[in-house]
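Colleague: The structure follows.
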Amino acid sequence: MEHESSSSISANERRNFFRIEDTVLMRCQTIDENSALANLIPASFKDDPSFSLMHELMEIDRDNNKLLRVISEQSHELESYLKGLSKKLDLIVAKILKPDEQAAHQEQHTISISESGLSFHSPTKYAHDSYLAVHITLLPSHHSLILFTRVINCSANGGDYDIALSFVQLKETDRQVLAKHIMQLQLAQRRQQHGK
């Protein structure tokens, strides 16, 4: 019992430790609890062409990653080559999706994000314990995610509100995308700090 408790605390501490400030493109929509728990994507999010494109590309990446693991056991050179091609495609997609197209219905936000949730300032007040679908585009990768959240804090701050959201029913694939993004940002910050 004691061991289980300490390991769950370690997991929570680990998730909170990997919290980082970031600038993203984002929009939120209030939804009901059942929709959040069932991960039902709002129709308005599905209609965004940039989301549809990025969602399909991410599905392809997920399938390809399974194959890459098998390839890496047979040839590290081939694995490196295929990863290089994938990076090239990512750069091309980032150029094709112009910022104004990518940001359709989204606004730039500075957020604090971890694997367990996110917080940001907003002119909109959200009810405590209400649920939000959050369409977030991570930069510079342009990975577009739909995350389902519960409002755990909404406090007035001048004319705006400090909003804190906790992820609900976070898919493992989305958690992995967030973890990778957070790690890349932390590595970039460390390189800057060391003047590299």
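Colleague: Within the group Ile41, Ile31, which residue is modelled with pLDDT of 90 or more, of a type outside the set (S, T, N, Q) and out of contact with any helix residue (DSSP H, G or I) (no Cβ under 7 Å at 6 or more places or on another chain)?
Modeller: That would be Ile31, the only listed residue that is modelled with pLDDT of 90 or more, of a type outside the set (S, T, N, Q) and out of contact with any helix residue (DSSP H, G or I) (no Cβ under 7 Å at 6 or more places or on another chain).
Colleague: Can you pull out every residue in segment 134-174 that is open to solvent by 50 Å² or more (accessible area, probe 1.4 Å) and either assigned to a strand (DSSP E or B) or of a type in the set (Lys, Arg) (or both)?
Modeller: Arg150, Ile152, Asn153, Ala156, Asn157, Asp160, Tyr161, Lys171
One line per residue, one yes/no per condition, for (1) under 21 Å from Ile20 (Cα atoms); (2) touching an Asp or Glu at 6+ places or on another chain (Cβ under 8 Å):
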residue	(1), (2)
Tyr126	no, no
Tyr131	no, yes
Leu147	yes, yes
Val151	yes, yes
Tyr161	yes, no
Ser166	yes, no
Leu170	yes, yes
Asp174	yes, no
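Colleague: Looking at (1) open to solvent by 80 Å² or more (accessible area, probe 1.4 Å); (2) in contact with a Pro (Cβ under 9 Å, 6 or more places away or on another chain); (3) at pLDDT 85 or above, find the lone condition where Glu101 falls short.
Modeller: In the conditions (1) open to solvent by 80 Å² or more (accessible area, probe 1.4 Å); (2) in contact with a Pro (Cβ under 9 Å, 6 or more places away or on another chain); (3) at pLDDT 85 or above, Glu101 misses (3) alone.
Colleague: If we scan segment 112-132, do we find a residue that is open to solvent by less than 40 Å² (accessible area, probe 1.4 Å), in contact with a helix residue (DSSP H, G or I) (Cβ under 7 Å, 6 or more places away or on another chain) and modelled with pLDDT under 90?
Modeller: no
Colleague: Consider only pairs whose beta carbons are under 8 Å apart and that are at least six residues apart or on different chains; among these, list those whose first residue lies in segment 60-72 and is within 18 Å of Asp90 (Cα to Cα) and whose second residue is open to solvent by 70 Å² or more (accessible area, probe 1.4 Å) and not aromatic (Phe, Trp, Tyr).
Modeller: So the pair list comes out as Leu68/Lys83.
Colleague: Here is a follow-up. Checking the condition farther than 19 Å from Gln169 by Cα, modelled with pLDDT of 75 or more and not in a loop (DSSP other than H, G, I, E, B), which residue from Leu78, Leu53 passes?
Modeller: Leu78
The values are calculated or read from the model by the stated rules, or taken from the named source; none is laboratory data. Just so we're clear, the structure is a prediction, and the values are computed from it rather than from any experiment. FYI the Cβ positions are ideal-geometry reconstructions off the backbone, even for glycines, and counts take in every protein chain you see. Just so you know, the surface numbers come from the protein's heavy atoms only, side chains and all, with ligands and any DNA or RNA stripped out. Shrake-Rupley method; radii C 1.70, N 1.55, O 1.52, S 1.80 Å.
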